[in-house]
1. Using a basic spin-label model with each label point 7 Å from the Cα along Cα→Cβ, how many nm lie between C:ARG215 and C:ASP11?
2. Label point 7 Å out from A:ARG114 along Cα-to-Cβ: which residues of segment A:140-180 have amide N under 11 Å?
3. About its Cα centre, how strong a charge dipole does chain D have in debye, to the nearest 20, once Lys and Arg get +1 and Asp and Glu get -1 at the Cβ?
4. Arranged by the count of other C-beta atoms within 10 angstrom, fewest first, what order do D:LEU187, D:LEU85 take?
5. Report the paramagnetic label zone for A:LEU305: residues of segment C:214-230 whose backbone N is under 11 Å from a point 7 Å from Cα along the Cα-to-Cβ axis.
6. Residues of segment D:2-44 with backbone nitrogen within less than 15 Å of a virtual label 7 Å along the Cα-to-Cβ line of D:GLU68, please, listed as ranges.
7. Mind running the shape call on chain A? Use the C-alpha gyration tensor, a ≥ b ≥ c as the square roots of the eigenvalues: rounded below 1.5 for a/c, prolate if a/b tops b/c, oblate otherwise.
8. Only bridges whose two residues both fall in chain A count here: according to DSSP, what percent of them are antiparallel, nearest 5?
Amino acid sequence: MGMNLSVEIGKIRMKNPVTTGSGTFGSGQELSDFVDLNMVGAITVKGVSLEPWKGNPYPRTVETPAGMLNAIGLQNDGVDNFISQKLPFLRQFDTPVIVNVVGQSVEEYAEVARRLDKAEGVSGIELNVSCPNVKQGCMVFGTSVEGITEVVQAVRQATSLTLITKLSPNVTDITAMARAAVDAGTDALSLINTLLGTAIDPWTQTFRLANITGGLSGPAIKPVALRMVWQVAQAVDVPIIGMGGIVTGTDAVEFLLAGADAVAVGTGTFINPKAAVDVAEGIASYMEKMKIDDVRELVGSVKTL
Amino acid sequence: MGMNLSVEIGKIRMKNPVTTGSGTFGSGQELSDFVDLNMVGAITVKGVSLEPWKGNPYPRTVETPAGMLNAIGLQNDGVDNFISQKLPFLRQFDTPVIVNVVGQSVEEYAEVARRLDKAEGVSGIELNVSCPNVKQGCMVFGTSVEGITEVVQAVRQATSLTLITKLSPNVTDITAMARAAVDAGTDALSLINTLLGTAIDPWTQTFRLANITGGLSGPAIKPVALRMVWQVAQAVDVPIIGMGGIVTGTDAVEFLLAGADAVAVGTGTFINPKAAVDVAEGIASYMEKMKIDDVRELVGSVKTL
Amino acid sequence: MRDEISRVVADCEIIEQVEVAPHVFRSVLVEPTIARTSKPGQFVNVRVCECYDPLLRRPFSVHAVDPEKGTFSLLYDVIGRGTKLLMEMHVGEKVSVVGPLGSSFDVGEDPSARHILVAGGCGAAPIHFLSDWICKKHGCDKVTVLVGAKTGTALLCQAEFVAHGVEVKLATEDGSFGFKGFVTELLASHIEESKVKNPDSAIRIYACGPMPMMREVARVCGEQGIKSCQLSLERTMACGIGVCMGCVTKAQDGCCSHHPDEWHYSRVCTDGPVYDAKELIWE
Amino acid sequence: MRDEISRVVADCEIIEQVEVAPHVFRSVLVEPTIARTSKPGQFVNVRVCECYDPLLRRPFSVHAVDPEKGTFSLLYDVIGRGTKLLMEMHVGEKVSVVGPLGSSFDVGEDPSARHILVAGGCGAAPIHFLSDWICKKHGCDKVTVLVGAKTGTALLCQAEFVAHGVEVKLATEDGSFGFKGFVTELLASHIEESKVKNPDSAIRIYACGPMPMMREVARVCGEQGIKSCQLSLERTMACGIGVCMGCVTKAQDGCCSHHPDEWHYSRVCTDGPVYDAKELIWE
Ligand SMILES: Cc1cc2nc3c(=O)[nH]c(=O)nc-3n(C[C@H](O)[C@H](O)[C@H](O)COP(=O)(O)OP(=O)(O)OC[C@H]3O[C@@H](n4cnc5c(N)ncnc54)[C@H](O)[C@@H]3O)c2cc1C
Ligand SMILES: Cc1cc2nc3c(=O)[nH]c(=O)nc-3n(C[C@H](O)[C@H](O)[C@H](O)COP(=O)(O)OP(=O)(O)OC[C@H]3O[C@@H](n4cnc5c(N)ncnc54)[C@H](O)[C@@H]3O)c2cc1C
Ligand SMILES: Cc1cc2nc3c(=O)[nH]c(=O)nc-3n(C[C@H](O)[C@H](O)[C@H](O)COP(=O)(O)O)c2cc1C
Ligand SMILES: Cc1cc2nc3c(=O)[nH]c(=O)nc-3n(C[C@H](O)[C@H](O)[C@H](O)COP(=O)(O)O)c2cc1C
Ligand code: FES
Ligand code: FES
């Protein structure tokens, strides 16, 4: 009778296909004033590193046409603080928690994964090999087959949690990166992270971000994200979490049609703090209108004209 | 006394730093109802190939947030028709003409360049190795160092006109492509061409473009374009024509500050048929407000915070 | 059919905004050049937002002109964001318009020709202007307008056509008003009637409406041996001024071409929107 | 100073739009929860467009509340596209608002304390709410408001402060009204006066204005040995709700930290906008 909205990403069972874009939902608690955290399919939290990171100087964000640049620099309190301070709150909810992991070396990534593996209440690890705003490591790993292979293999050995590799769009061939991650043992892929960009204030003749460059997100990048999800879905067989500019339920449907098994709402939460839940509801009402019983029927079913 | 707005791109002297984005200004004639073609720095016309190309089926364009996708497929009447039908009109104006050249093989590129070299009224060739909407050739050349080297070398031998290589943004490292083009003998670079993207209609569950994917242009991509121009300006010494989302004079100033010697207005012309001239005037009035005498002072002078 | 005329880019004041039917609005704008030089079938390209989302202009046929007052009207269906933004603008606000653009209907010089105008939905917008134009040139008694819509409340410009003094026939798909069925069925029977009544007069057909209707009009005209059948097509447009090559439709290379059986993609914004049905290739 | 309260995301009707000074507007909106639960210094985040350009919400301090009527006001300078869009909205239209957000001014429990409020430019927005709040809690006679602006016509809320019954002192940079110079100079002299007049009363300083002014207020307070100096900071905000980490300012790790001389980037939208001056590190 009832519609099925649930999907599986590796061993993670999501009650609906909507998770949150890492770095746009804090550690979940900040949003709990606005949304019932039981209503999202999964909560993907801000990137955590081994040691606390201070992040980049201000200004860290700038609005652009239908998008924004950010150069936060992965400010976070470190994995141990995350486990002791943030995770207990999240355990109250019947919602899987995916922890985004960053590092400056392969060993750091692996160590963070090892610590999370032992923590109660973590369902998956999203390997962030694509953050454009940190000088060392990170993005460097995500833009070459060798880099991805190395990090994914190391983390794969460090954890038996569902491993999701988050791909950078700043590459010539996203499918090569996807295949490398799959070959190295990732359970799933998420894409896209932000496009590297910059902005200049003509009146002060300075860059608008203290970090010079930042990552472009929001509706502006949706066409690129959708194309990459579609390409990757053709190229590999693991589940895909699609993201990039999703604000509404029909945005999400486009990603599902392109081949994503689940989606994440990132910048959309800044426009509407309830966006993740509204997107999940939007998918359901779309399915109702289109008389689709199972959300999985949508996945990859886009047709050509 | 008077302000200097003129710049040089190879042997091309532009009376102001604004040209038109290839494919967004037709062959100039279409726009002559709206703008005085003597008022733009140069006219860059739609891509021409050796034989006439029919182009892709409809739909070829779709609007996206602050941008648009196009998959025209380089419909054009071929270089001979261009020379006999379009060029005579353009010769009336005291404005350099840059011809965008496309091909499906190295030899085709070179042959088009050879024919243009002999035609009266062509000042420069813009080598389009980055069109994402044509199955063979083109983009394949533009996304590898080997491809760029091969095409640029061949065309360099075929013409003594100012040779501008137009780079694709769909690469991991734009500076590597820029260096390859410079090493192969290009006189200047122009960037960026469009970002590869797609769009899906959730209600019909089909791609919105007959060609499936298309090129993203417009204000949405400006942050990416600006970043790439800045990176390339650091990496090579040849003149750069910057483009991607320029609609106003201050948009153009941002590109100059990032290191472009000239700019092109593309999609902006669709919003405002007078955009190219308005942008040139906008640069002049910016310089007046900022008390800058020579537009060349702006080039590359962006500061960090 | 393309006319070389003066085109403008202008900020036009809106002086009237009326809902003439459910979701259908008429906007009256001030722009003397457009009011004076537009021909029926031509369109204007309207910037519905000062921001970049929506980014592109929206094309609308010129629906009526008042050269004396220097005003012109649009008639449009609110179907998406752009038309909603236009409809929400207040009288007194200004909106950027480019036009007049594209080709126009050719009403011929034959004083005895019968003119049959076919409007489907908002296709009534240019047909209204055309009806007025033919009346002024050839007299109203030779004009019949066939107006079609899904349902009675969606029939547009009925009163205006009656006011012009032309013959008006209505068709609704649900039969709530006039003939029950497609306006193209009405067209077929009307052509036959006309041939009987005026065997010596040439028949000229002009139509504007959704693409499937245009195709059907072309088919009916072919079947009935109509020599002059002009259709106004709709295409998604990025530039509206002939430079992007986005708005194409398949067209014959033409009688004078070296390859008369060859086709090319023709730009609806510049070579159209009004085409002779014989030029078009349907898929 | 963060309060755990109910926050809403609501479409609020605009019931008043007034230009109160050149380029400065007051908008009155209907939202009972915000009207009832906001504290002075808190802000709301407003979506100025239904489209994606501009994309992000714009933060504005709560300027006044009317819990009975369920309304609250904003007072803002039209400096860019977002504020222009807000100003252009018509009475009766709805706008999406998130709030109340952030920390608030702590007015203390000491009945004898003297309260000095310093407003620079649109910093008057929250200072107005605060003045009303302190009056109600501690009485107006202990409150002085120092209002600064570039020029006389830009001085805001003067009449309102007078109506509250608080002492008001004015400063303009061009001397066109009140004291000639920066409001921070006025602050320094007023603190000295206050110390002389009420040697036994604690002085509490509250300020809102541009960053350089905030820094100067902090310096003056440090120099004068003021214990309680609260500053409301402005930062470009992407989310306004503490999740993006964009709106940061350098702050001490705090007395209870293991590394009291260490600093961290503090989120102005959630840990602020109101900070105790002692927490802040200026660069
Ligand atoms: C030459 C010309 C003249 C026109 N004259 C009129 C007129 O007089 N009155 C009138 O009501 N409309 C007219 N149209 C159609 C009108 O341009 C569209 O309805 C309008 O652009 C829709 O804008 P929107 O932002 O409201 O819809 P959008 O949000 O852009 O689109 C809503 C839906 O309509 C579809 N759509 C949008 N534009 C078109 C199009 N051009 N053709 C087909 N489907 C489209 C979209 O794919 C989408 O599904 C004309 C079109 C052309 C090309
Ligand atoms: C907590 C908080 C409370 C605020 N309360 C008020 C208030 O009560 N009244 C009021 O008038 N303003 C207030 N502001 C400032 C207000 O948010 C900005 O003026 C507004 O966002 C500008 O939007 P815009 O689109 O008009 O300008 P934009 O077009 O975005 O910007 C115009 C110019 O202003 C700069 N700018 C934009 N936002 C900020 C910012 N937050 N800080 C510094 N510079 C900026 C831009 O860089 C640009 O140069 C507050 C800001 C914060 C953070
Ligand atoms: C402010 C901000 C912070 C982000 N931080 C992270 C992060 O810590 N780790 C990560 O993998 N992605 C991060 N991202 C990327 C998003 O998770 C997402 O991949 C991207 O923004 C595209 O989706 P969107 O357009 O919906 O925002 C961040 C994005 C933003 C806007
Ligand atoms: C409709 C359309 C057609 C284009 N055709 C060409 C082309 O023929 N050759 C080319 O090198 N670039 C072509 N481009 C790319 C533009 O010249 C330009 O590089 C790109 O659009 C980015 O600039 P913009 O954002 O200002 O449009 C085309 C772009 C558009 C929108
Ligand atoms: S819309 Fe650009 S050519 Fe017709
Ligand atoms: S604005 Fe996002 S954390 Fe403050």
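Any read-out appearing in this document is the output of simple, stated calculations on the displayed coordinates, not a laboratory observation. Note that the coordinates shown come from a computational prediction; the quantities given were computed from them, not determined experimentally. We place every Cβ from the backbone using ideal geometry, glycine too, and count neighbours over all the protein chains shown.
1. Rounded to a tenth, the inter-label distance reads 4.4 nm.
2. A:158-159
3. Numbers: 29 positive and 37 negative charges, 6 e Å.
Taking the Cα centre of chain D as origin, the dipole is about 20 debye.
4. On the way: D:LEU187 27, D:LEU85 20.
By the 10 Å Cβ count, ascending, the order reads D:LEU85, D:LEU187.
5. Residues passing the 11 Å test: none.
6. Output list for this probe position: D:36.
7. Details: a/c = 1.30, a/b = 1.17, b/c = 1.11.
Since a/c stays below 1.5, the shape of chain A is classed as rounded.
8. Numbers: 17 of 42 bridges.
Taking every DSSP beta bridge within chain A, about 40 percent pair in antiparallel fashion.
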